[in-house]
Amino acid sequence: MTIIMQQVKSEKRRRRRGVILTSDGLERLKQAKSEAEYLDNRGNRYTLEALSERTELGVDTLMKVFACESGVDKQTLKMCFKAFNLDLQANDYYKPPLNPPSIPDNCLPIEIELPEGQVPLNSEFYIERDSIESDCYQAILKPGALIRLKAPRKRGKTSLMMRILNQAHKHGYYTVSLSLQLADKALLQDLDKFLQWFCANVSLGIKLPNRTVDYWDDLFGSKISCKIYFEEYILEQLKQPLVLGIDDVDLLFQYPELADDFFGLLRAWHEEGKNRGIWKKLRLIVVHSSEVHIPLNVNHSPFNVGLPIELPLLTLAQVEDLAGRYDLDLSSEETTQLINLVGGNPYLVRLGLYHIAREDLTLEELLTTSLQSPDHIYYHHLQWQLLNLQQQNPDLLEALKKVVLSDTKVELDLLQAFKLQSLGLVELQGDHVTSSCLLYQKYFEETL
């Protein structure tokens, strides 16, 4: 959203381009890094991955720090220096010009993205989480790779999947993203039609004609026909690996028979990738919101192999980082108050910071406005959660009521607990369930 700022607000609201290391700052950091390599790494230079682990910063962020060509937030430099026992000094960095001279100060266009759906690849508001991104970027380059991304809705799964696909694309790989939400319900009740739909969409994603009719054979059955289609038609033609990102796979949990066959097929392909050259070309990213709550043969399931990634909530440092990108100077106490309300949920944190940055409200107003008010920035999100529960499964609403009205941790039916967790409404701690954040606790306590 483009906001044309008046000069009276420009100094307060203007988006900064971050800070860049000065030559002195870069030299100090390099010197400390060299000393650490000598003392802690037997004189060997740190790889980017090792630096990422030491600094708790993403590989892409580290490259920006050392390139000194584009700005990063000040907190990033602090973390980088701290990793080598240095304090960031005022002469270690500088702020580049805020805007080209040709653009008047009182008419500076500012892009502040409304948080909705996937975070764009070029967004300044995507927060890397420790070494998760770099681990995924390395894993997807391995022959026959399988990465499993799990987190409740609106925790950044699709945004991460698209970044892994983008990284693979930079290496010259073919990439396809496919959400199972796009499959008609009729397809989900017929394995044969579903697998043909699946094959046709992968073909479309790499700009190959749909030739399922030429490879489908009733005598072989749906799964063998699908395997032949991939092996003899798709993979045979590709000179580079194919990375296939399959989003919303937990939709299939509602169709246990189809799920058992499809997930067994993915597992078989992954195993083929360990032994056969052509299947080494296929790399899979499987994305889901909830625990696997249907019975699957442990030897036929893709959910116990590959690289498991469970996306965590944002930490205090990450929320401070994000606030800095919105040009907000929140104290640690204020940041903690926001986290206490929304529990570090990336979407809810971004939505709050977005409206504060636009001066739609203050943090105090965000914390004190009634959650029942249509003017509250989280009102429509909370209403959606409520209506979704009412329409999807009234029993879930009763289970959530039991959680929010209890002063202690409660036990729920395991399937209900998994479903509420997939919506981001509760956290599981062993056999017990609690509200995932104060926002949901207060709203549903008042509503139910």
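Here, each number is a calculation from the coordinates, and none is a lab measurement. These numbers come from a predicted model, not from an experiment. Reconstructed Cβ throughout: ideal geometry from the backbone, glycine too, with neighbour counts over all protein chains shown.
Some points to look at:
- Each Lys or Arg adds one and each Asp or Glu takes one away; over the other residues whose Cβ falls under 13 Å from the Cβ of Ser373, this sums to -2.
- Here the range 369-447 is treated with +1 on each Lys and Arg Cβ and -1 on each Asp and Glu Cβ, and its dipole about the Cα centre works out to around 120 debye.
- Beta-bridge orientation, the chain: approximately 35 percent antiparallel, per DSSP, counting only bridges with both partners inside.
- Normalised contact order of the chain, rounded percent, pairs of Cα under 8 Å and 6 or more residues apart: 16
- Residues His171, His355, ranked from the fewest to the most other C-beta atoms within 10 Å, line up as His171, His355.
- Debye intensity ratio in log₁₀ form over the Cα atoms of the range 132-310, taken at each q of 0.13, 0.16, 0.17 Å⁻¹: -0.61, -0.97, -1.11
- Per-residue ellipticity at 222 nm computed for the chain from its helices equals -13500 deg cm²/dmol, with DSSP H segments shorter than 4 residues left out and the rest contributing -39,500 (n - 2.57).
- Annotated for the range 220-285: lysine pairs at least 8 residues apart or interchain, Cα distance under 17 Å, count 5.
- Nearest 10 degrees, 0 to 90: helix 332-342 Cα axis against the chain principal axis: 30
- Compactness of the range 369-447 is given as radius of gyration and Dmax, 12.1, 37 Å, from Cα positions.
- The chain, dipole about Cα centre (Lys/Arg Cβ +1, Asp/Glu Cβ -1), debye to the nearest 20: 1240
- Within the straight-line cut-off of under 16 Å between alpha carbons, the lysines reachable from Lys78 are Lys30, Lys33, Lys64, Lys95, sequence neighbours fewer than 8 places apart in one chain being disregarded.
- Considering only Val19, Val287, Val410, the Gaussian network model of the chain with Cα springs below 10 Å gives its largest mean-square fluctuation to Val410.
- Hydrodynamic radius by Kirkwood, which averages 1/r over all alpha carbon pairs of the chain, in angstrom: 24.5
- Fewest neighbouring Cβ atoms within 10 Å first, the residues Leu88, Leu400, Leu367 line up as Leu367, Leu88, Leu400.
- Excluding same-chain neighbours fewer than eight residues apart, the lysines reachable from Lys402 by a Cα-Cα span under 16 Å are Lys419, Lys442.
- Residues Lys78, Lys170 arranged by fewest to most Cβ contacts within 10 Å: Lys170, Lys78
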